[in-house]
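The structure appears below as structure tokens.
Read the figures in this text as sums done on the coordinates, not as results from a lab. As the structure is a prediction and not an experimental result, all values here were calculated from the model. Using ideal geometry, Cβ is built from the backbone for each residue, glycine included, and neighbour counts are taken over all protein chains shown.
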Amino acid sequence: MSVDFTRDIDAVTFCNGSFWFFKGDECVSIDGSSDKVDKGPMEIIAAGAFPALKSPGCAQFADTPDAVVAPTGGGGFWFFKGDQCVKVNGAGDEIVYGPFGITAPDAFPHLPGR
């Protein structure tokens, strides 16, 4: 394992029974019931992870994401970095929305500002 996932995690989310841990440009998936690795460790953009983040304008989300959220119901994954966001499908291989600013119409337009 090239990355130490035991400390200084950048982001973590839970989806479809697995915890996804993100650190630097790598991720690992841990099965929530067995606590065993079910995918990775691997690059965030690797097949089986989130290759959609290879798409134009998405590279920033594949290295130290600020947050990753998987909405209830398997609606994919939202990646956040700075004031930008992108949503990928549940398989991680297709961009659903974005990338764009967090307050864009298809993201969170009613997020309060200063």
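Working note: Karplus 6.51/-1.76/1.60 with θ = phi - 60° gives the stretch 96-105 the couplings 9, 9, x, x, 6, x, 4, 8, 5, x Hz, where Gly and Pro are set to x. Take 43-54, 22-33 and order them by the average number of nearby Cβ atoms within 10 Å per residue, most first; the result is 43-54, 22-33. Site pair Val69 and Ile102 shows an inter-label distance of 0.9 nm when each label is modelled 7 Å from Cα along Cα→Cβ.
Within the straight-line cut-off of under 23 Å between alpha carbons, the lysines reachable from Lys36 are Lys23, sequence neighbours fewer than 8 places apart in one chain being disregarded. Label positions at Asn16 and Asp93, each projected 7 Å from the Cα along the C-beta direction, are separated by 1.1 nm.
Each peptide among 76-87, 97-108 gets the average number of other Cβ atoms lying within 10 Å of its residues, and from highest to lowest they stand as 76-87, 97-108.
Each Lys and Arg adds +1 at its Cβ and each Asp and Glu adds -1 at its Cβ; summed about the Cα centre, the stretch 11-101 shows a dipole of about 100 debye. Its Cα gyration tensor gives the chain an equivalent ellipsoid; the semi-axes, largest first and in whole Å, are 23, 15, 14.
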